[in-house]
Structures are given as structure tokens and as C-alpha cells.
1. Scan segment 49-66 for residues that are in a strand (DSSP E or B) and closer than 17 Å to G111 by Cβ and jot them down.
2. Among S138, S157, S196, S188, which is the only one that is over 19 Å from the mean Cα position of the chain (by Cα), under 26 Å from V91 (Cα atoms) and at pLDDT 95 or above?
3. Please identify the pairs in which a residue from segment 117-139 that is closer than 30 Å to E250 by Cβ has its Cβ atom under 7 Å from the Cβ atom of a residue that is among the basic types (K, R) and buried (at least 17 other Cβ atoms within 10 Å of the Cβ), counting only partners at least 6 apart or on another chain.
4. Residues of segment 233-257 being modelled with pLDDT of 90 or more, within 30 Å of S281 (Cα to Cα) and exposed (fewer than 14 other Cβ atoms within 10 Å of the Cβ), which ones?
5. Among the residues in segment 181-191, are any in a helix (DSSP H, G or I) and within 20 Å of V244 (Cβ to Cβ)?
6. Restricting the search to segment 43-61, which residues are buried (at least 22 other Cβ atoms within 10 Å of the Cβ) and either farther than 16 Å from V244 by Cβ or in contact with a Lys or Arg (Cβ under 8 Å, 6 or more places away or on another chain) (or both)?
7. What pairs come up if the first residue lies in segment 230-249 and is more than 15 Å from S266 (Cα to Cα), the second is charged (D, E, K, R) and assigned to a loop (DSSP other than H, G, I, E, B), and their beta carbons are under 9 Å apart, counting only those six or more places apart or on different chains?
8. Since W25 meets every condition but one in (1) loosely packed, with under 13 Cβ neighbours inside 10 Å; (2) modelled with pLDDT under 95, which condition does it not meet?
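The values are calculated or read from the model by the stated rules, or taken from the named source; none is laboratory data. These figures come from a predicted structure and were not determined experimentally. A quick note on method: Cβ atoms are made from the backbone with ideal geometry, for glycine too, and the neighbour counts reach across all protein chains shown.
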Amino acid sequence: MSSRRPLRDLAARTRAQFSRDRSPWPDFQVQGTTVLVTGAASGMGLLHARRAAQDGAGTVILWDRSEDRLGRVRAELEAAHPSVAFRADVVDLSDARALAAAAGEVSAQTGVPDLLINNAGIVTGEYFWDHTEAAVTSTLAVNTQAPMLLTLAFLPSMIKRRTPARIVNVASASGLLPVPRMSVYAASKWAAVGWSDSLRLELEQAGHHQVRVLTVCPSYISTGMFEGARGPMLTPIMEPDYVVERIWDELADPRPILMLPSSVRSSALLKGVLPQRVFDSVVGRGMGVYRSMQDFTGRTGRDPDSTQR
């Protein structure tokens, strides 16, 4: 028997399994659907809301904790897209009870979203021992707990409805790689990545192919949230329009994890194959990953609500 036969058999079995795992459902189309975006009053959240309206969504639900900005954004979008229905809810994602109540009102009054974009996030950039207890709990609540609870509120109905649906979880490259002065933020995003990709697998394993999950792991984005941060070597700070465009390109048939830019994937690969101290030296210090938050300021002197992505 040829020594290549086992490899050919393995390749054939892999192709067959891939074919069985492929979704039998048509590609997701935004037109006419209900879209919910968290952190929708600024930054990438606002860009997601605009894109949903431009693509003909039937209803766009805007969640943010800043009532003033949310009102202005809703008025702007309604003027630009009169054929789209907009709903704006002031929600503090760090408050689990408020989140559950708001999700219940959406389900009862507007309907379960077809596209859920868990976009909102907060960041602190300091050594772990300089964090306050409030900073730790709020970061974990907004970045990790909120996407889980919000998805949990809608997912059973998404499954039961049996129509194409998408869940986009905006995590971070810091959910794949350690970064000094980002320990709490990194912890919140490592948890988000683990949950999001496990959810993807659970849906596939249970045969709920109509609901697809996209985990997004971007490096620094110029929304102002990471003001003062420096992009590591070969990792430029990205424009939010570019990141949003790449996310929307994935909605029809999303890959498991979208890492942006490509250097994030390379760094994650090196993290898995290099001895830790070698990685620290070559990638962490040599490429500047470990110094990237050294001059971080964030949105100092501005509305604290604007820490959302």
C-alpha cells in the first residue's frame, strides 16, 4: 500500500466532514432585518449603525449609556435614512439587571435581532496594582459579562426562529496576546474570545447552523479609546472605517475568528510555537508589543462615557 494512501484518506474524510458542517442556510442578508448595536452613539458602534441603515435594515436598535449622544445619533440617522426604523435605548451594560430589562423590552416591543453586534467596550491602561476595584469590576462587566448576558437573552429565540442570524463579538488582539498595562482589559478579552469561539462550536455541534458567530480580534483602532497607544512593528493603528468594512464583509459566511491586521495572526502563531522567553524578547520587546501602552492616555478630560469603543 502506498504511504500516501492514509494521507489521501484523511484528506477525503476532512473534505466530507467540512461539507457536512457547511451551513445549509442561505447567506445572511441585512436588508429588512433587525440589527442591535451596543456602544452605538460613537466610534465603531456608530459606523455599524450607519452601515446597517445603508444596507437596508428594517430596524436598527441603538444601545449606549450616553443619552445626549444617543439622541443626536438617532436624529442624524433618521434624517439620513427615513425608510429605516430606529430605536434608541439608554443602557448601562455594567448593570446586569438594566441590561436584562432592556433586552426584554426589545424582544417584546421590537423583536429579537437578526444581527447582534456586541461592540461596546471600555479600557484602562495602567499596571494591575494601580487599578481600583471599581475599574476591575466595570471592565469585566462591560467587556465580558455584557456580551454573554445579551446574547443569552436573545439566542434561544434566534435558534427557535430557525432563520439566518449573526452574532458579532468584538474582542481584541489583547485577547490573544499579553500586553503590559492592559492586564484587566486583556483578561476581559481573553474570556470574551474563549466564550465566543466556544459558542460558535456549540451552535455547530448542536446543528443550529442558521446562527453564526464571528469573533473579531483587532489591534489598536483610532477611535480615541486608545489615545496615546503605539502600534507595534508591522501593526499600524487602523482606521475604524476599515475595521467595520472588514467585519461586514464577513457577515454572509463568517470565518471563526477575524484577526486584524494580519500581523496579529502571525504574532498569535509565534506565541504558540516559541518558548515564552523567546517570544518575550523577539515579539514582545523586539517588535514593541510590550511597549505599545507605555504612553497611553485614553480620552482624558472628556466624557467618561466615551471610553466605549
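1. Within segment 49-66, T59, V60, I61, L62, W63 qualify.
2. S157
3. Within 7 Å, the pairs are N119/R309; A120/R309; G121/R309; G125/R181.
4. E239, P256
5. yes
6. Those that are buried (at least 22 other Cβ atoms within 10 Å of the Cβ) and either farther than 16 Å from V244 by Cβ or in contact with a Lys or Arg (Cβ under 8 Å, 6 or more places away or on another chain) (or both): G43, M44, G45, V60, I61.
7. These pairs meet every condition: R230/D295; I237/R230; P240/R309; W248/D55.
8. (1)
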